[in-house]
């Protein structure tokens with residue numbers, strides 16, 4: 001039987017996004033948008049851990065790409081796959097993934113999965129940016145539209161209901 005897990009209340013400090021005393025969800029500012037209830041319950045530590053996960057995922061994927069590229073094209077034979085998987089770039093990628101795992105668990109301890117997982121898709125944006133600026137890859141208009149949709153979806157998840 002599954003038991004309901006209650007998050008540690010000491011980890012649930014609401015962040016102040018605007019720097020004002022009233023805070024983002026204040027009734028003193030009618031007509032403004034606030035963070036969703038789930039997002040406003042996340043501590044700064046939770047947000048920092050999520051950003052760390054995104055950066056580690058980005059680094060890992062870029063390192064895997066460099067390792068695979070140096071191993072040669074057409075990873076069809078076992079030797080080429082072995083060369084790519086054993087390259088120092090891929091090994092650094094494995095390290096990033098290994099570091100990401102406990103950090104992700106820290107995110108999940110502080111944030112609802114229904115918020116953390118979609119917000120983690122920001123790694124798709126950072127990987128695309130890394131592939132363009134660090135690996136000199138080309139992106140099409142379809143890529144850019146897809147990234148815009150990802151960002152729109154995350155914005156919708158983080159945004160709360162309008163106050164009237």
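Computed from the coordinates by the stated procedures, all read-outs in this text should not be read as laboratory data. Predicted, not measured: the structure shown is a model, and the values here were computed from it. All Cβ positions, glycine included, derive from the backbone under ideal geometry; neighbour counts span all protein chains shown.
Work out Dmax and Rg for the range 77-164 from the C-alpha atoms and quote the Rg first, both in angstrom.
Here Rg and the maximum Cα pair distance are 17.4, 64 Å.
Measuring from label point to label point, each 7 Å out along Cα→Cβ, what is the residue 137 to residue 155 span in nm?
Here the answer is 2.4 nm between the modelled labels.
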